[in-house]
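Heads up: the structure comes next, in structure tokens.
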Amino acid sequence: MVFTLQLIVTNKKIKVMTTFKDLQFKRKNYGGIGAHYKFDNGITLSVQAGPGNYSTPREDHSSADAYSSFEIAMWNNDGEWVTRNLIPRQHDDVIGWVSRDDINKIISIVQAQK
């Protein structure tokens, strides 16, 4: 028996979920690494790690693989902090020691925002 697979392409936008693996980290001039990701809804997620951040370890490394937790923050198109509005039980605009799994959960929350 032979099956034929047809791919039908339409002009509908396909929604692909972003994850931690999609973040593109760059070396920071003052040590460590950082990534910014701007979502379609205008919210920007900042993920940082290094000597000046609430991360594990708090050392200068050149790869995200060297870190087990990160510092995050979020703001909207107007530059207003939105971290504490989007993450339950948070009372600050910067959250420290966030795991990759929790960053993936936060990304899902952000992507669900209109």
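Consider segment 17-38 and keep the residues that are surrounded by fewer than 12 Cβ atoms within 10 Å (Cβ to Cβ) and among the polar types (S, T, N, Q). The one that is modelled with the lowest pLDDT is Asn29. Determine whether segment 42-50 contains at least one residue that is more than 14 Å from the chain's Cα centre (by Cα) and open to solvent by 30 Å² or more (accessible area, probe 1.4 Å). No: segment 42-50 contains no residue that is more than 14 Å from the chain's Cα centre (by Cα) and open to solvent by 30 Å² or more (accessible area, probe 1.4 Å). Exactly one residue out of Thr10, Thr83, Thr56 is open to solvent by less than 100 Å² (accessible area, probe 1.4 Å) and at pLDDT below 95: that is Thr10. The residue that is nearest to Trp97 (Cα to Cα), counting only those in segment 41-85 that are in a loop (DSSP other than H, G, I, E, B) and in contact (Cβ under 8 Å) with a residue 60 or more places away in the chain, is Ile43. Regarding segment 94-104, can at least one residue be identified that is open to solvent by less than 60 Å² (accessible area, probe 1.4 Å), at pLDDT 95 or above, among the polar types (S, T, N, Q) and assigned to a strand (DSSP E or B)? Checked against the condition, which is being open to solvent by less than 60 Å² (accessible area, probe 1.4 Å), at pLDDT 95 or above, among the polar types (S, T, N, Q) and assigned to a strand (DSSP E or B), segment 94-104 yields no hits at all.
The values are calculated or read from the model by the stated rules, or taken from the named source; none is laboratory data. Keep in mind that this is a model prediction, so the values were computed, not measured. Note: ideal-geometry Cβ built from the backbone for every residue, glycine included; neighbour counts use all protein chains shown. Accessible surface areas use protein heavy atoms only, side chains included; no ligands, DNA or RNA. Shrake-Rupley method; radii C 1.70, N 1.55, O 1.52, S 1.80 Å.
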